[in-house]
Amino acid sequence: MNLVSFHEVVKKYDTSIIVNHLTFYIGEGEIFGLLGPNGAGKSTTISMLSGLLSPSAGDITVDGFSIRKQPLEVKRRIGLVPQELAIYETLTARENVTFFAKLYGLRGKLLRDRVEEALQFVGLLERAKDMPSTFSGGMKRRLNIACAIMHRPRLIIMDEPTVGIDPQSRNHILESVRELNRLGSTVIYTSHYMEEVDAICSRIGILDQGKLIACGTKEELKRQTGQEEKLIFDIDGRYDAALLEMKEHPGVKLVEERDNGHCLEVTVKESSSILQDLLFITQKHGITLRKLSRIEPNLESLFLQMTGRSLRDE
Amino acid sequence: MRACWITVYYELLKYSRMRSVLIILIGLPLLLILLLGSAFDREIKPAKVALFVDDQGEMRSGIDTFWSDESIAPYIKQLPAASEKEVQDLVTEGIADYGVYIPSGFSKRLLAGEEATWKTFSGRYGEKNMAADAVINSYMTNLNLQLAAMATLGPDQMAGRSQASGSVETKTSGIVIGNLGTEENQLFGPTNSMQYYSAAYLIMFLLFGGMSAAIALLDQKESGTLQRLYGLPSSFGANVFGIIVGAAMLAALQALVIISFTTFGYGVDWGGHFFWIAWICLLTTAAGSALAIIIASFAKTRKTMQTLFMILVFVMTFLSGGMMAGIENMIGNASKWTINHWANVSLRAIMSGSDTGSVWHEIGILAMIALILSLFAVLRLSKVVKQYG
């Protein structure tokens, strides 16, 4: 069942089109990764989904409610974790969460319970009485998340939630995202860190110049782009004859020498079907194989191939 | 509405933790008022005396002549009352500095040779009580002398003496009330220097207080909290209004502290009409907030907005005579184009116990300025609060 649907969504500023006829869906229970270089229309897309911007054309629905016609219903179902640390430095952690919880309409015991729950969830319950000015960057990021989840939203939008924090806090946040997903929330996650998206997202959409150029699971994207794998052979001994024979194999696209002939890098379409053949060739030509490794296509290379640009170089 | 009050509460909570803001908005004006007020304070202003003459006897015309005589005007300003209780109330509420009730049988008892007295009510300011006491004692002393002379000369002289009493009684030249000031003291008009600067700095700092709303909005826009508020299911308008009201309530607190401190600490007489004073403060804060929001809508950064607004408030304060009394006489009508002028004139009129009708004229103009600026600010507000176009 789809929780979020984008239908022919367009956002224009004067003559420039920032988001260009965007149509895709996000299913309930997914962790959906939204990737794109700066200026791709990622933030605009998220802003339209969370009601901060109105689409110039098209519509977005969340749980069946239109952002154009029923924006309050949509906002009730969303928890937005903005890229900025949208917290008040002169309110304690508990006061920050309580303030936003009250504006979500929570009150009484439910309010107190949910605030405690959110602080507990992000690991800040023991620091609930402290001001964010005494927190590390990672703790502030966690408080930023707590302010968006205390009302148990069905959809959580996280816009670059791990920018500028230490690895420990990043792991804590990634684990929190998984846990929120396990508890039933659908998550939209944007990041410049491919490995994060790679690690936690069940589906990925890649935006470039306002258009969705690819969308699907990592495997689907790989298939869409025809991405290749690499087999790295660390060897000892003469390899000329083996190299020639490998090049002639129909499953091999390219063989390159590396490290003064101590390493052969073999590019193949699909490694599992020809690995046995390649091992046989090395054995036949008396090559001692010290180490064999396989490099799968990652999101970075997928992104590079699709957009012609590296995500972090933007 | 609930969202608005929640926002107001948390705004005030945030302000209460910003020590620098509290020091600048509340501590600084008190210090400036004390320094400037003390430097210029060298004269005693007339005491406002609430008066009810119940006596309709033969001495009545003489009493009326005494109270309306111009020679006591520098020391006493009369506030007519309709009963003894109203006299008492006017003094209790601080509207009058001193009260006098002349009972109905005063003439009769006096002429019968019995003991006859006026009932007086002292107010909160010692110097004003002394001035009023001195004038009244002088009258009573003269009256006693006349009665003694009358008893000596015989009842035939009664009518003539009674007639002459008006002129004798009002010879108050013997009363010395220390007006040690030079001509420059007249610059403060009907108020003393402490009152003058208290009003001027209250208004100036209320305008600065109004800037707090624009600063809070710009800060929250920059930090992303405003964007977060926009993404909530509560009314964004109510949240923004709550932020503005929070700043306005800080200004109200500022006004309360300044008026209380100057009244009890420095002995400033605010004239007692606190409802009107509250209105003036409210309108000034509204005008200041609106002006700051308008500037913020054109300025690209918070720093630019603050600089422009502060320059504007200083210029307005200067032109209205808040930094140099009497500047209005040199620059003509320019001061009338400032918010400060109308607020200051209103406050000073209340302080000096002017006729209520005339104060409304100034308050009306102030209200018009606040209304026009507020309408323009509402039109420009989206430029301040919206993250995107």
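Coordinate-derived values only; no laboratory data. On a predicted model such as this, the values are computed, not experimentally measured, just so you know. Positions of Cβ are backbone-derived with ideal geometry, glycine not excepted, and every protein chain shown enters the neighbour counts.
The table that follows gives values for the structure above.
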{"read-out": "Charge sum, other residues only, whose C-beta stays under 11 Å from A:E257's C-beta, Lys/Arg counted +1 and Asp/Glu -1", "value": "-3"}
{"read-out": "Separation in nanometres of the label points that stand 7 Å from Cα toward Cβ, at A:H192 and B:R109", "value": "9.2 nm"}
{"read-out": "Rounded FRET efficiency, nearest 0.05, which uses the C-beta distance separating A:Q70 from B:E222 and R0 of 45 Å", "value": "0.90"}
{"read-out": "Contour excess over end-to-end distance, with Cα ends at B:E127 and B:T304 and 0.36 nm allotted per residue", "value": "58.9 nm"}
{"read-out": "The protein assembly as shown: antiparallel DSSP beta bridges as a percent of all, rounded to 5", "value": "60 percent"}
{"read-out": "Among A:5-12, A:99-106, the order from most to least packed when residues are scored by Cβ within 10 Å on average", "value": "A:99-106, A:5-12"}
{"read-out": "The range A:2-223 - Rg and Dmax from Cα coordinates, angstrom", "value": "17.2, 52"}
{"read-out": "Nitroxide proxy distance, nm - points 7 Å out along Cα→Cβ at B:N137 and A:S54", "value": "7.7 nm"}
{"read-out": "Residue exposure sequence - B:F309, B:F376 - by fewest surrounding Cβ within 10 Å", "value": "B:F376, B:F309"}
{"read-out": "Per-residue [θ]222 nm for the protein assembly as shown (sum of -39500 (n - 2.57) over DSSP H runs n ≥ 4, rounded to 500)", "value": "-17000 deg cm²/dmol"}
{"read-out": "Net +/- balance of residues flanking B:A214 in space, Cβ distance below 11 Å, scoring K and R +1, D and E -1", "value": "+2"}
{"read-out": "Cβ-placed point charges (K, R +1; D, E -1), dipole of chain A about Cα centre in debye, nearest 20", "value": "1360 debye"}
{"read-out": "Set B:K14/B:K383; A:K102/B:K221; A:K102/A:K140; A:K11/A:K109; B:K45/B:K108 screened for pairs whose C-alpha atoms are more than 30 Å apart", "value": "A:K11/A:K109; B:K45/B:K108"}
{"read-out": "Candidates A:N144, A:N96, A:N260: whichever shows maximal mean-square fluctuation once chain A is modelled as a Gaussian network with Cα springs under 10 Å", "value": "A:N260"}
{"read-out": "Cα centroid separation, the range A:274-295 to the range B:334-359 (Å)", "value": "97 Å"}
{"read-out": "Average partner coverage of B:2-14, which counts Cβ from other chains inside 10 Å", "value": "3"}
{"read-out": "Ascending count of other beta-carbon atoms within 10 Å, so fewest first, for A:E84, B:E115, A:E30", "value": "B:E115, A:E84, A:E30"}
{"read-out": "Most mobile listed residue (A:G39, A:G210, A:G108) in chain A, GNM with C-alpha springs under 10 Å", "value": "A:G108"}
{"read-out": "Cβ neighbours within 10 Å from other chains - mean over A:81-87", "value": "5"}
{"read-out": "Order of A:L304, B:L35, B:L25 under a 10 Å beta carbon neighbour criterion, fewest first", "value": "B:L35, A:L304, B:L25"}
{"read-out": "Local electrostatic count at A:I200 - Lys and Arg +1, Asp and Glu -1, tallied over other residues with Cβ under 10 Å", "value": "-3"}
{"read-out": "Beta bridges by DSSP in chain A, antiparallel share as percent, to the nearest 5", "value": "70 percent"}
{"read-out": "Projected label distance in nm at A:I213 and A:E28, using a 7 Å step from Cα toward the beta-carbon", "value": "3.4 nm"}
